[in-house]
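What follows draws every value from the coordinates through simple rules; no lab data is involved. It should be emphasised that the depicted structure is a prediction, and the values quoted were computed from it without experimental measurement. Here the Cβ positions follow ideal geometry from the backbone for every residue, glycine too, while neighbour counts run over all protein chains shown.
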Amino acid sequence: MEQIRIAVLGPGRISHRFLKGMRCVDDAAVTAFASRHPENVAEYAREEGIGRILSYEDMYRDSDIDAVYISTPNYVHAQQIEACLLNGKHVICEKPAFISAADAERLYKLAQEK
């Protein structure tokens, strides 16, 4: 089986736990960070051995990324989940994934379609 390539969208405090857990997974690896402010995560990326820091838009379009771990503030989760799904990415999202039932229903349907 080929390794699943994951990007962390919004690398910050909570992503440390995700990265620690990912070290125990053989069939997947974090290969990129996506940040609005790449300069703010450069040191963190070096410490974690992540060689690529992308803008959100570049990460959405990157064919070398299979899945996205979203660890940004709750109010942007729905927008980011939608962008990931529309660009063919699998999504792992910190809770709460949605702040409204309407977003949950709409994006659940989109995920089923994609």
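Is there any pair linking a residue in segment 89-113 that is touching a residue at least 60 places away in the same chain (Cβ under 8 Å) to one that is surrounded by fewer than 13 Cβ atoms within 10 Å (Cβ to Cβ) and in a helix (DSSP H, G or I), with Cβ under 8 Å and at least six apart or on different chains, and which?
Within 8 Å, no pair qualifies.
Which one of these is farther than 21 Å from ARG17 by Cβ and charged (D, E, K, R): GLU39, GLU94, GLU48? Break it down stepwise before answering.
On the way: GLU94 fails: farther than 21 Å from ARG17 by Cβ; GLU48 fails: farther than 21 Å from ARG17 by Cβ.
Result: GLU39 is the single residue among GLU39, GLU94, GLU48 that is farther than 21 Å from ARG17 by Cβ and charged (D, E, K, R).
Let's see how each residue does on (1) aromatic (Phe, Trp, Tyr); (2) touching a residue at least 24 places away in the same chain (Cβ under 8 Å); (3) within 20 Å of GLY88 (Cα to Cα):
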| position | (1), (2), (3) |
| --- | --- |
| PHE18 | yes, yes, no |
| MET22 | no, no, no |
| ALA32 | no, yes, yes |
| ASN40 | no, no, no |
| TYR44 | yes, yes, no |
| GLU47 | no, no, no |
| TYR69 | yes, yes, yes |
